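The values are calculated or read from the model by the stated rules, or taken from the named source; none is laboratory data. The structure displayed is predicted, hence computed values, not measured ones. Don't worry about glycine lacking a Cβ; one is built from the backbone with ideal geometry, like all the others, and counts go over all protein chains shown. Please note that ligands, DNA and RNA were not included when accessible areas were found on the heavy atoms of the full protein model with its side chains. Shrake-Rupley method; radii C 1.70, N 1.55, O 1.52, S 1.80 Å.
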Amino acid sequence: MKKLELFYYDSCPFCQYVMSVIEDLNLKVEMKNILRDQSNLKRLVNDTGRRTVPCLYIDNVPMFESQDIMEWLKDNESSLEKNS
Ligand SMILES: N[C@@H](CCC(=O)N[C@@H](CS)C(=O)NCC(=O)O)C(=O)O
């Protein structure tokens, strides 16, 4: 199973789009708020040189762009871990 982590913050509309897809598909994703936890922001900036959200880490490989993230989640849904 792939490990998924979403770097986000609540007032970001692009993050909200991605989070609603995650909820609709009932996917298990570790949520990494970059405003509430500075270590999440540090990791994002260290890894990517950017502080843009949303960013989905797929097995530690970052993917930007909400449209690309949502498309990837839908395309790979069947092989992803669900919330119990
Ligand atoms: N085209 C991007 C836009 C993402 C975006 O603009 N995110 C804003 C927050 S709503 C952001 O992180 N801005 C700060 C930055 O890019 O450094 C997407 O759809 O994911």
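Note on the chain: dipole from Cβ charges, positive end direction compared against Leu27, Asn46, Trp72; the farthest Cα belongs to Asn46. Taken over the C-alpha atoms, the chain has Rg and Dmax values of 11.9, 35 angstrom.
Hey, quick one: spin label on Glu65, modelled 7 Å out along Cα-Cβ, who in segment 11-34 has an amide N within reach, i.e. under 11 Å? Backbone N within reach: none found.
Straight-line cross-link partners of Lys74 among the aspartates and glutamates, defined as a Cα under 13 Å from its Cα and at least 8 positions apart when in the same chain: Glu23, Asp24.
With pairing defined as another cysteine C-beta under 4.7 Å, the cysteines of the chain that fail it are Cys55.
The heavy atoms of Lys3 present about 90 square angstrom of accessible area, all protein chains included, probe 1.4 Å. Net charge within 12 Å of Phe7 by Cβ-Cβ distance, Lys/Arg positive one each and Asp/Glu negative one each, not counting Phe7 itself? Combined, the nearby Lys, Arg, Asp and Glu give +2.
I want to verify a result. In a Gaussian network model of the chain, Cα cutoff 10 Å, which of these has the top mean-square fluctuation: Ser11, Ser20, Ser66? Comparing Ser11, Ser20, Ser66 in a Gaussian network model of the chain, the most mobile one is Ser11. Return the FRET efficiency for the residue pair Asn76, Gln38: r is the Cβ-Cβ distance, R0 is 30 Å, and the value is rounded to the nearest 0.05. The value I calculate is 0.50.
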